[in-house]
Amino acid sequence: MYKKLYLDVCTLCRPFDDQNILRVRLETDALYLILNGAHKKKYQIMASPVHYLEIDSIPEMSERIEVLSILRQYAVKLTNYEPASIKARSEYFYTKKIGVADAVHVAFAEKSSEVFITCDDRLLKQCGKLKLKLKTMNPVEFTILENLQ
């Protein structure tokens, strides 16, 4: 059996950030370990419609193509969900000072996954204050917890 993971777009885009920064490099390596686990069927990556909307807005075409390629290769597209419940939960998260896109990501993650993974410290802190129906963590933290090598 596999764990269902929801990776925030900032995590999927980590390989395109400045790899000279140690934290960025560690998070990038963690992403690749997670994707390797998905390739080995240990994890299932979930992708929501908001992933595709956010990725479509990436200005750099090569980055946009690479991130979409990751989703095509590793992710399962969420199609069976109730828009009204996602909207209501997103609106609730928005009232808790989570940005619009992040609120929708968290709502989809909660409905589809066991773990929400993001590189966004502020979002992790905000999620930590809420009683979510899933774990939230940084990709490095996840790889340590899962003992990925």
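The residue pairs whose first member lies in region 125-142 and is over 14 Å from Cys10 (Cα atoms), whose second member is among the polar types (S, T, N, Q) and in a strand (DSSP E or B), and whose beta carbons are closer than 8 Å, counting only pairs six or more residues apart or on different chains, are Cys127/Thr136; Gly128/Thr136. Go through region 97-116 and report how many residues are basic (Lys, Arg) and farther than 18 Å from Pro83 by Cβ. Residues in region 97-116 being basic (Lys, Arg) and farther than 18 Å from Pro83 by Cβ: 1 in total.
Within region 62-87, residues that are within 17 Å of Val106 (Cα to Cα) reach partners that are of a type in the set (Lys, Arg) with beta carbons closer than 9 Å, at six or more positions or on different chains, in the pairs Val76/Lys4; Leu78/Lys111; Tyr81/Lys111; Glu82/Lys111; Ser85/Lys111; Ile86/Lys111. Just name the residue that is farthest from Gly99 (Cα to Cα) out of those in region 1-13 that are surrounded by fewer than 22 Cβ atoms within 10 Å (Cβ to Cβ) and touching a residue at least 60 places away in the same chain (Cβ under 8 Å). So, considering only residues that are surrounded by fewer than 22 Cβ atoms within 10 Å (Cβ to Cβ) and touching a residue at least 60 places away in the same chain (Cβ under 8 Å), the one farthest from Gly99 (Cα to Cα) is Lys3. The condition (being surrounded by 15 or more Cβ atoms within 10 Å (Cβ to Cβ), among the acidic types (Asp, Glu) and over 16 Å from Cys119 (Cβ atoms)) is satisfied by just one residue among Glu60, Glu66, Glu27, Glu82: Glu66.
Among the residues of region 74-106, those identified as in a helix (DSSP H, G or I) and either β-branched (Val, Ile, Thr) or within 15 Å of the chain's Cα centre (by Cα) (or both) are Tyr74, Ile86, Thr95, Val100, Ala101, Asp102, Ala103, Val104, His105, Val106.
Identify all residues within region 104-127 that are of a type in the set (D, E, K, R) and in contact with a helix residue (DSSP H, G or I) (Cβ under 8 Å, 6 or more places away or on another chain); write none if there are none.
Start the filter on region 104-127 by keeping residues that are of a type in the set (D, E, K, R), which leaves 110-111, 114, 120-122, 125.
Of everything in region 104-127, those that are of a type in the set (D, E, K, R) and in contact with a helix residue (DSSP H, G or I) (Cβ under 8 Å, 6 or more places away or on another chain) turn out to be Glu110, Lys111, Asp120.
Would you point out the residue of region 112-131, among those that are part of a loop (DSSP other than H, G, I, E, B) and surrounded by fewer than 16 Cβ atoms within 10 Å (Cβ to Cβ), that is modelled with the lowest pLDDT?
Step one: filter region 112-131 for residues part of a loop (DSSP other than H, G, I, E, B), giving 113-114, 118-120, 130-131.
Among the residues that remain, those that are also surrounded by fewer than 16 Cβ atoms within 10 Å (Cβ to Cβ) are: 130-131.
Working: Leu130: 94, Lys131: 87.
Filtering region 112-131 for residues that are part of a loop (DSSP other than H, G, I, E, B) and surrounded by fewer than 16 Cβ atoms within 10 Å (Cβ to Cβ), the one modelled with the lowest pLDDT comes out as Lys131.
Considered as a group, the residues in region 1-35 that are assigned to a helix (DSSP H, G or I) and either modelled with pLDDT under 95 or among the β-branched types (Val, Ile, Thr) (or both) include one that is farthest from Asn80 (Cα to Cα), and that residue is Val24. Applying a threshold of 6 Å to beta carbon distances and a minimum spacing of six or more residues, or different chains, the list of pairs starting in region 89-102 at a residue that is crowded, with 18+ Cβ neighbours inside 10 Å and ending at one that is modelled with pLDDT of 95 or more and among the aliphatic types (A, V, I, L, M) reads Arg89/Ala107; Ser90/Ala103; Ser90/Val104; Ser90/Ala107; Phe93/Ala103; Phe93/Val106; Asp102/Leu123. Might you let me know whether region 46-57 holds any residue that is assigned to a loop (DSSP other than H, G, I, E, B) and either of a type outside the set (Gly, Ala, Ser) or touching a residue at least 24 places away in the same chain (Cβ under 8 Å) (or both)? Yes, region 46-57 contains a residue that is assigned to a loop (DSSP other than H, G, I, E, B) and either of a type outside the set (Gly, Ala, Ser) or touching a residue at least 24 places away in the same chain (Cβ under 8 Å) (or both).
Quick one: which residue in Ala109, Ala38 is in contact with a Phe, Trp or Tyr (Cβ under 9 Å, 6 or more places away or on another chain), under 18 Å from Asn138 (Cα atoms), outside any loop (DSSP other than H, G, I, E, B) and free of Cβ contacts under 8 Å to residues at least 40 places away in the same chain?
Working: Ala109 fails: free of Cβ contacts under 8 Å to residues at least 40 places away in the same chain.
The match here is Ala38.
The values are calculated or read from the model by the stated rules, or taken from the named source; none is laboratory data. What you see is a predicted model, and the numbers here were worked out from it, not measured in a lab. When we count neighbours, we look across all protein chains shown, and the Cβ atoms used for this are built from the backbone with ideal geometry, even at glycine.
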